[in-house]
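Notes to accompany the following structure.
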Amino acid sequence: MSENIIRYKLTENIEVLRLLDSDTKYFEALWEIPEGIVYNAYVVKGSSGVVLVDTWKAGYGDKLVEVLEETGVLNKLTHIITHHLEPDHSGALPDLVKANPDVTVMGHPMGERLIKSQYGISVKFKPVKDGEEVEVSGLHFSFYYTPWLHWPETIISYLHGDKALFTCDVFGSYGLFREKLLGSLSSEERDRYFKLARKYFANVVGHYRAFVLKSLSRLVELIERSEYIAPAHGLVLGKSDALIMAKLYEKWAKSAGSKVLVVYDSMYGFIERFMLELTSRLKSRGYDVSTHAFTWSKRSLISEVVGEGVEADTLVIGVSLYENMPFPMVEYLVKLLVHKTGCKKTIVISAYGWGGRSAELKSILESYGCREVHYYEATPSGLQDLIKNVEEAISL
Ligand code: FEO
C-alpha cells in the first residue's frame, strides 16, 4: 500500500480509506493549500455485501480500485453512495464502475445526470429521497438533503447500528492528518485543525453560508444521534467535537467574529507605513487585528485571508491607485471576501499620485449590497493626516 494511503477500522463494519493528496497546490484551482488535503472513502461491510461511501478525487480512481481489490472488497461491492458529485469525491466512479459493472450508485436524483454530464458514463443509479431510510446489503442508511453544502445535489447519510453520520464536505478540513480521530490530536494540533477547517469552510462553503444556517439544526439533531461524524475531508469527529464544529459553522456562517481584518498593497512603502501604524494603534486599544500585505517583499495567501474573513466584522483596505484603477490584487481579494464571507463594515484608504479613482472600490462594494463603506483618499505624503478619521470610523 502506498504511503499516501491510510486504511483503518473505525468500527466493526466501517473501514476508512484515506488518500493524502500533497500534489494539489491550488484546491479548486484557486485556493493555496500548502498543508495539503485528504479524501476519505468509507468501506461499510453488511451481511450481504459491501457499500462504498464516497470515492477519491479524479485521477486516483485506479488506486482506489487497486486498494479495494487488494482488500478483497471490489467484487463484494453492491452500492456506492455518492453524497456529492464534485470530482474530488466522485472522480473515481468511472474506474470503479468499469471494474465492477454490477455496482449500483446511490445519491440525490440529480446525481445520475451529473455522472453522465461529467464522466460521459451511464451507471445503474438509485435515487434517494430526503429523509428516506434504505436497506442495502443488510445495512440501514437514512439520507438527508443538505442543498448547497456544497452543491445543490449534496446529501448526507446516517448509518443505523454503527451510528455513523457521513457528511462529505460538511465539517471537513484541509491538512494531511494521519490520525484516526480529531479527538486524538494534541491541543496544538487541534487548534491548527480548527484553523484549517475554518479556512476550508470559508474557501469552499462560505458563499453558501445562508444554506449552512438553514441546515444547521438538522445537522445538530443528527450529530446528537451519532457516535462518529465522518467527513470526506479531514478527520473523523466524535460527537462532542462535531457539536463544537457545528457551533463554529454557525459563527462562521454569520461572520459573527470581532476581528479587524487589514488588507493592503504597497508598491513603494507609503501605504504599508500607514497600515502598520494603524495596526499597532488598534492592537494597543485592544482590537483583535489580523494584517495581510501584498508588497514587493511579501504576499499573503488568498486562501488564508478569506479564511480569516469569516471571523471579521471589520475590513480595513489600503489600496494604491494602479494605472488609474484599484490595485488589481486588492480589488480581486475584496470581491472574493464579499462573495465568500459577506459584507462587513469596510474602511477603504486609497493612495493616489494624480487621481482618486480608487473610489471605484467603494462603488464595487456598494454594488454588492454593502452599505457601510467609509472611503478616504490622500496622496502618499498626506496619508498620515487620515489616521484619526480612520480610527474613528473603525470604532463607530
Ligand atoms: Fe470536497 Fe465540494 O467537494
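The values are calculated or read from the model by the stated rules, or taken from the named source; none is laboratory data. In this text the structure is predicted, and so the values were computed from the model without any measurement. FYI the Cβ positions are ideal-geometry reconstructions off the backbone, even for glycines, and counts take in every protein chain you see. Ligands, DNA and RNA are excluded from the accessible area calculation, which covers all protein heavy atoms including side chains. Shrake-Rupley method; radii C 1.70, N 1.55, O 1.52, S 1.80 Å.
Tabulated values for the structure
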read-out	value
Residue count, the range 167-186 (criterion: open to solvent by 40 Å² or more (accessible area, probe 1.4 Å) and touching a residue at least 24 places away in the same chain (Cβ under 8 Å))	6
Residue within the range 97-109 that is more than 20 Å from residue 45 (Cα to Cα), within 14 Å of the ligand (Cβ to nearest atom), free of Cβ contacts under 8 Å to residues at least 60 places away in the same chain and in a helix (DSSP H, G or I) present	no
Any hit, the range 142-159, residues being more than 16 Å from the ligand (Cβ to nearest atom), small (Gly, Ala, Ser) and either in contact with a helix residue (DSSP H, G or I) (Cβ under 6 Å, 6 or more places away or on another chain) or in contact (Cβ under 8 Å) with a residue 40 or more places away in the chain (or both)	no
Qualifying residue in the range 220-229 (condition: assigned by TED's automatic domain parsing to the domain that holds residue 154, more than 16 Å from the ligand (Cβ to nearest atom), free of Cβ contacts under 8 Å to residues at least 60 places away in the same chain and under 26 Å from residue 31 (Cα atoms))	no
Hey, residue 201 open to solvent by less than 60 Å² (accessible area, probe 1.4 Å) and over 19 Å from residue 339 (Cα atoms) or not	no
Selection status of residue 164, crowded, with 23+ Cβ neighbours inside 10 Å, out of contact with any strand residue (DSSP E or B) (no Cβ under 8 Å at 6 or more places or on another chain) and not hydroxyl-bearing (Ser, Thr, Tyr)	no
Of all residues in the range 71-95 being assigned to a helix (DSSP H, G or I), over 14 Å from residue 42 (Cα atoms) and within 9 Å of the ligand (Cβ to nearest atom), the one that is most open to solvent (accessible area, probe 1.4 Å)	87
Only listed residue being open to solvent by 30 Å² or more (accessible area, probe 1.4 Å), of a type outside the set (Lys, Arg) and within 18 Å of residue 386 (Cα to Cα), chosen from 323, 277	277
Test result for residue 151, of a type in the set (A, V, I, L, M, F, W, C), surrounded by 19 or more Cβ atoms within 10 Å (Cβ to Cβ) and either closer than 19 Å to residue 7 by Cβ or under 26 Å from the mean Cα position of the chain (by Cα) (or both)	no
Number of the exception - residue 393 against (1) of a type in the set (Gly, Ala, Ser); (2) more than 17 Å from residue 264 (Cα to Cα); (3) modelled with pLDDT under 95	(3)
Any hit, the range 334-343, residues being charged (D, E, K, R) and at pLDDT below 95	no
Sole residue being out of contact with any Leu (no Cβ under 9 Å at 6 or more places or on another chain) and under 27 Å from residue 254 (Cα atoms), chosen from 302, 317, 364, 349	364
The range 128-148, subset of a type outside the set (S, T, N, Q) and outside any strand (DSSP E or B), residue surrounded by the fewest Cβ atoms within 10 Å (Cβ to Cβ)	131
Residue, nearest to residue 137 (Cα to Cα), within the range 38-70, restricted to residues that are of a type in the set (Ser, Thr, Tyr) and open to solvent by less than 40 Å² (accessible area, probe 1.4 Å)	42
